[in-house]
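Colleague: Below you will find the structure I want to go over with you.
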Amino acid sequence: GSSDGTRELALATIAVFGHATGEVHDGRHGGKSESLNAALALARTDIVVRIDADTIIGEWSLHYTPRWFEDPQIGLVEPMCFPRAGRRSVFPHMRLFEELKQFGLNHRTIQTVDGVNVVPGVFTAFRRALAVELGGFTVGMNGEDGDFTLRASRLGYRTWMDTKIVVYEDVPPTYAEIREQRVRWGRAVHHNQARHGPYRAGVATPKVWFNQTQQFVKCTFAPARLMLPLYLLLTAMFEGTQRDVILIFLGGYVIAEIVFVALQAVLTLGFHQGRHFGWVLLWPIWHLFLMVFATESWLSMPGRPIGIHGTRPQAITQAVIH
């Protein structure tokens, strides 16, 4: 359904394949989830891999993927993500530090205690039978990859992350593009919490909702986390009675950033990304931007009309930005 030459580019690429075959299918321009479901309906293999258009797959990634599905409990497999090189922008460097922490540390830690982390849409390997059982991908929401992961987990399937499966994702090079992406990701956290919070998933399955709820709480309190240090600093400057206590509290913020920068430095060296080492000093500034984006995701959340003057609620596919 694309109108930007995607079909022609895909056909040209397939024509020069040396070790694979490919097909291009035309469909309605109905959004990402609808396209994924159209492809899923055509798939016949036991294992399916969804890959974003701006993602480059590591040479051996597909080789290492199928082995994990020998375990019947594994429903989804995720990769180790890195940003694509070659962009003259600060944002790929900041994204690298996020990915080292998210995939290189957080996801590997969560899976060791049978927790559930969101398998990203950049590369998701999953059982086709599982996807059919779930009815495909949910249409009309941000974060369909997270929703798919959490629904699969509520059925009892586990996720697994393998550092030998490597992909390289594109990173928006400009502020306007990175802002649009992060605000959309923030909305995805809220949408998935509404569908998979403890009040929906149940207290008997904390492995499903714990990490998602933690992300939701962090996003929810972003406005306070953004403004509190400024408020405390101004109070310490003009109100002397509580200055010592306030400065100690502010010191906690500074120490937390120092600890995180130190952790990022260790991960950067551990994953042989030392050429990015100096950029880690900009992380505290990037952290402020993340809180601004999270705040905007709240303020820009699309809603439905409340029915005044005879208006009708919009269909969910119209009310929610894909």
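The values are calculated or read from the model by the stated rules, or taken from the named source; none is laboratory data. Keep in mind that this is a model prediction, so the values were computed, not measured. In this analysis, Cβ positions are derived from the backbone assuming ideal geometry, glycine residues included, and neighbour counts consider all displayed protein chains. Heavy atoms of the whole protein, side chains included, go into the accessibility calculation; ligands, DNA and RNA do not. Shrake-Rupley method; radii C 1.70, N 1.55, O 1.52, S 1.80 Å.
Colleague: In the chain, if the dipole is taken from +1 on Lys/Arg beta carbons and -1 on Asp/Glu beta carbons about the Cα centre, which of H19, A222, G186 is farthest to the positive end?
Modeller: A222
Colleague: Antiparallel versus total DSSP beta bridges in the chain: what percent is that, nearest 5?
Modeller: Once the DSSP bridges in the chain are tallied, antiparallel ones form about 55 percent.
Colleague: For segment 162-217, what does the alpha-carbon gyration tensor say about shape, rounded, prolate or oblate, given a ≥ b ≥ c as the root eigenvalues, a/c under 1.5 as rounded, and a/b over b/c as prolate?
Modeller: Oblate.
Colleague: Can I ask one more? Give me the 1.4 Å probe accessible area per residue for segment 195-289, excluding ligands and nucleic acids, in Å².
Modeller: On a per-residue basis, segment 195-289 sits at 65 Å².
Colleague: What does the helix-only formula give at 222 nm for the chain: each DSSP H stretch with n ≥ 4 adding -39500 (n - 2.57), the total divided by the residues, and the result rounded to the nearest 500 deg cm²/dmol?
Modeller: Values: 14 runs with 166 residues, N = 322.
Result for the chain: -16000 deg cm²/dmol, rounded to the nearest 500.
Colleague: Using the Cα centre as the reference, give the magnitude of the dipole from point charges on the C-beta atoms of the chain (Lys, Arg: +1; Asp, Glu: -1; all else neutral), rounded to the nearest 20 debye.
Modeller: 500 debye
Colleague: I need the phi-derived Karplus couplings for segment 249-266: 6.51 cos²θ - 1.76 cosθ + 1.60, θ = phi - 60°, integer Hz, Gly and Pro marked x.
Modeller: 5, 4, x, x, 4, 5, 4, 4, 5, 5, 4, 5, 4, 5, 4, 5, 5, 5
Colleague: Let me have the relative contact order for the chain, percent, based on Cα pairs under 8 Å that are six or more residues apart.
Modeller: After rounding, I find 21 percent.
Colleague: Please identify, among V132, V16, V203, the residue showing maximal mean-square fluctuation in a Gaussian network model of the chain using a 10 angstrom Cα cutoff.
Modeller: V16
Colleague: Next question, about the same structure. For the Cα atoms of the chain, what angle does the longest principal axis make with the long axis of helix 175-196, in degrees from 0 to 90, nearest 10?
Modeller: Helix 175-196 sits at roughly 80 degrees to that axis.
Colleague: Here is a further query. Can you tell me the Rg and the Dmax, both Å, for the Cα atoms in segment 169-254?
Modeller: Cα radius of gyration and Dmax of segment 169-254 are 18.2, 51 Å respectively.
Colleague: Hey, another quick one. Can you find, among A129, S2, P79, the residue sitting farthest towards the positive end of the charge dipole of the chain, where Lys and Arg contribute +1 and Asp and Glu -1 at Cβ?
Modeller: A129
Colleague: With a cut-off of 16 Å, note down the residues of segment 48-69 whose backbone N falls inside the zone around a label point 7 Å from the Cα of E133 toward its beta carbon.
Modeller: Zone members listed by number: 48, 69.
Colleague: Using only Cα atoms, tell me the angle between helix 283-299 and the longest principal axis of the chain; keep it within 0 to 90° and round to the nearest 10.
Modeller: 70 degrees
Colleague: In degrees, nearest 10, range 0 to 90: what is the angle between the Cα axis of helix 91-101 and the longest Cα principal axis of the chain?
Modeller: Here the helix axis deviates by roughly 90 degrees.
Colleague: How large is log10 of I(q)/I(0) for segment 83-126 at q = 0.21, 0.23 Å⁻¹ when the intensity is taken from the Debye formula with one equal scatterer per alpha-carbon?
Modeller: After summing over all Cα pairs, the log10 values are -0.78, -0.87.
Colleague: For segment 37-168, which whole percent of the accessible surface, found with a 1.4 angstrom probe, sits on carbon and sulfur atoms?
Modeller: Of the solvent-accessible surface of segment 37-168, carbon and sulfur hold 53 percent.
Colleague: Place a point 7 Å from Cα of F249 in the direction of its Cβ. Which residues in segment 217-233 have their backbone N less than 11 Å from it?
Modeller: Residues 228-233 fall inside that zone.
Colleague: Go through (1) 144; (2) 191; (3) 272 and flag the label whose value is the computed volume of the Cα convex hull per residue in Å³ for this structure.
Modeller: Recomputing volume of the Cα convex hull per residue in Å³ here picks out (2).
Colleague: Still on this structure: So how many Lys-Lys pairs in the chain land under 20 Å Cα to Cα, not counting same-chain pairs under 8 apart?
Modeller: Step by step, the pairs that qualify in the chain add up to 4.
Colleague: Another question, then. Keeping all protein chains in place and using 1.4 angstrom, which order do H19, H276 fall into by accessible surface area, from largest down?
Modeller: Sorted descending by solvent-accessible area, the residues read H19, H276.
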